[in-house]
C-alpha cells in the first residue's frame, strides 16, 4: 500500500498580506479619525466661547 500523497498548494501570500494589512489600515484610520475629531472639538469649543462672549456682551448692552 502506498500512502496517499497530497499536493501542497502554494501559500497564498497575497491573501496573507492583505489579512495583515487590513487590520493595520483600520487601526491607522481610527487613529486619524480620533485625532481629527479632537481638533474639531477644540475648534468648536473656541467658536462656542466666542459666541457665548458675544451673547454676554449683547446682554450687558441691553
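What to note about this one:
- The modelled label-to-label distance between residue 32 and residue 11, using points 7 Å beyond Cα along the C-beta direction, is 3.0 nm.
- Equivalent ellipsoid semi-axes, segment 9-62, via Cα gyration tensor eigenvalues times 5, rooted, Å: 53, 5, 4
Computed from the coordinates by the stated procedures, all read-outs in this text should not be read as laboratory data. All of these numbers come straight from a predicted model, not from anything done at the bench. Don't worry about glycine lacking a Cβ; one is built from the backbone with ideal geometry, like all the others, and counts go over all protein chains shown.
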